[in-house]
1. Looking at the structure I just gave you, is VAL205 in contact with a strand residue (DSSP E or B) (Cβ under 6 Å, 6 or more places away or on another chain), touching a residue at least 24 places away in the same chain (Cβ under 8 Å) and assigned by TED's automatic domain parsing to the domain that holds LEU223?
2. For the range 209-223, which residues satisfy the criterion of being farther than 16 Å from LEU55 by Cα and either under 24 Å from the mean Cα position of the chain (by Cα) or in contact (Cβ under 8 Å) with a residue 12 or more places away in the chain (or both)?
3. List every residue pair whose Cβ atoms sit under 8 Å apart, with the two residues 6 or more apart in sequence or on different chains, where the first one lies in the range 389-410 and is on the phi > 0 side of the Ramachandran plot and the second, anywhere, is aliphatic (A, V, I, L, M) and assigned to a loop (DSSP other than H, G, I, E, B).
4. Please find, within the range 308-339, the residue that is farthest from ALA262 (Cα to Cα) out of those that are among the aliphatic types (A, V, I, L, M) and in contact with a helix residue (DSSP H, G or I) (Cβ under 7 Å, 6 or more places away or on another chain).
5. Take the range 4-32 and flag every residue that is farther than 19 Å from ASN464 by Cβ, crowded, with 16+ Cβ neighbours inside 10 Å and under 31 Å from the mean Cα position of the chain (by Cα).
6. Out of the residues in the range 52-93 that are of a type in the set (S, T, N, Q) and touching a helix residue (DSSP H, G or I) at 6+ places or on another chain (Cβ under 7 Å), which is surrounded by the most Cβ atoms within 10 Å (Cβ to Cβ)?
7. Could you pull out every one of the strands (runs of 3 or more DSSP E) wholly within the range 96-167 that has 2 or more residues that are over 21 Å from LEU361 (Cβ atoms) and touching a Phe, Trp or Tyr at 6+ places or on another chain (Cβ under 6 Å)?
8. Which helices (runs of 4 or more DSSP H) sit wholly inside the range 1-82 and have at least 3 residues that are in contact with a Pro (Cβ under 9 Å, 6 or more places away or on another chain) and free of Cβ contacts under 8 Å to residues at least 12 places away in the same chain?
Amino acid sequence: MAFRWVYATPDRQESVLTLQQELGVPQTIAHLLALRGIENYDQAKKFFRPNIEQLYNPFLMKDMDKAATRLSNAIRNGEKVVVYGDYDVDGTTSCAMVHNFLRDFGVQVYYYIPHRYKEGYGINEEGIDYAQEKGCSLLVSVDCGITAIDETEYAKTKGIDLVICDHHTVGDKIPDAVAVLDPKRPDCDYPFDGLSGAGVAFKLVQAVLIKLGLPSSVAHKFLDLVCISTASDIVPIVDENRIIMHEGLKLLNSNPRPGLKALIDLVKLTLGKITSTSIVFSLGPRINAAGRMGDACKAIELLISEEDFESVNCAQQLENINTKRKDIDSQTMAEATAMIEDCYNLEDNFALVLYKPEWHLGVIGIVASRLVDLHHRPTVMLTKVNGKVKGSARSVKGMNIYDAFSACQPLLEQFGGHEFAAGVTLNEENVPEFRRQINALTKLEMTRRDLDPEITVDRELDLNEIDAKFWRLLNQFEPFGPHNLRPTFVSKGIQIIGRPSVVGKGHLKLRLTHNGSAVFDAIGFNMHQHLPQLLNANDGEVQIAYVIEENFWNGKHSLQLRLRDVHVEAAISEKSKTALA
């Protein structure tokens, strides 16, 4: 797939010079800061030195006083409480955190996670009945509940109070619960609305501690869980989330709770070297696997475990579940790819809506993401569960998939999500019309050019700029994530040292230099298709888009360039001639 390289520019170009002078940093570093909206020394200090004391007062959130009062009274009065979560990483980490917090105070606390296929997403009557059976007078939902209008009323008939902690988009009506915490509420003045579900639950824990006359800093011991949630749920890593990630990673790297330590050991991560990337690609998927395959309780067991033996056992079970998930994932990807090749003309289909009743609900979201990466167009994967068609969608810049689902609402039974990811339920007979409408809506919103994938480039870079000081400063941009992605650079006129090769399962490997710079190793995952061009390229014809990262191997570490795209000037020139002809 050929990418367009789009160069980012700061909103205020003059801030680059200001930062360079005030901070005494190279121009490239000042440019990267300016791209992130940082314009002066004080803002740069806050960015480079996130401080736990800068977390906002939890009582700035709408309904927080009501929520904290109700939960602190439950603790004082010895009430039984159910914590009701979701089956993904955010939901399970949120649930484990509030469960552990209440357990520390001697509360008789239970957890409830709906089964992905038997019950589906959100608060349901079965969970409320479970709370009643256990003699609970309070149910605290985490990472769900903002749309639980009817369920809140049902809980009232059972004599159960609801405190809702959520971070999803608010509907036309807010549940009439004891308290509804959601920074996305239109009437909420909380300074930051980008928290994960666990982030909102963390603010509740802080507030309850204050109500109990304890310092809110007691909640900091849960930041490893909030950090896992924040990285995995793809929320913006700015503002309060940057502080949470910074502090949470410190805890995760120094003193993780037993369950997380067992998982870290299992996947052979090194304490002190765990990053947001480690969470997204190693820890998060394994915690998520249990819920994807149906029952997320095994993830909760891991996260609330206190004994090493139990933690190791839970971690191994999650690894086994994740292995099974990957096998189903690969099979589904192969079937979906074949379906596109056989049945879809990509010139006419600006969106892909794929349906096979036998697909596993737990993996279709992952496959949709991969198909978006492959074809760069909104993708909806549909399967059939208990007589209903259920689906998971992923989208691209320029197409708000949640708004598209809203426009198709007459065809749908249920939908929810965000701009780039959403879920949907509909009747089988509506699938063809749903497919037609999603494609038509995408054509209205996107042009043919929008379907050409692009890479946003932070800066053109001479490899001679990469020295110890540059890497030390660049490393301080961590933790990376949405709104603070790892910087992508472009270097032109690259010289290849030796012969490029393909290693592993189609990974491009080469050594290169630039204008007399040091020689760098470069790896391009799944980029084997570039090998013929590189073998035929002359010196100075190769352009690369890449990120700089540290590679750890056999106890040694070095800087390497992870390629994101390769252009060969001769090939580009030939392509241009063909287009003109």
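1. So VAL205 fails the test.
2. Of everything in the range 209-223, those that are farther than 16 Å from LEU55 by Cα and either under 24 Å from the mean Cα position of the chain (by Cα) or in contact (Cβ under 8 Å) with a residue 12 or more places away in the chain (or both) turn out to be LYS211, LEU212.
3. From residues that are on the phi > 0 side of the Ramachandran plot, the pairs are GLY398/MET446.
4. Among those residues, the one meeting the criterion is ALA336.
5. Those that are farther than 19 Å from ASN464 by Cβ, crowded, with 16+ Cβ neighbours inside 10 Å and under 31 Å from the mean Cα position of the chain (by Cα): TRP5, PRO10, SER15, VAL16, LEU19.
6. THR92
7. Where strands (runs of 3 or more DSSP E) fall fully within the range 96-167 and carry at least 2 residues being over 21 Å from LEU361 (Cβ atoms) and touching a Phe, Trp or Tyr at 6+ places or on another chain (Cβ under 6 Å), they are 138-142.
8. none
The values are calculated or read from the model by the stated rules, or taken from the named source; none is laboratory data. Not measured: the values here are computed from a predicted model. Methodologically, a virtual Cβ is constructed for each residue, glycine included, from the backbone with ideal geometry; neighbour enumeration extends over all protein chains shown.
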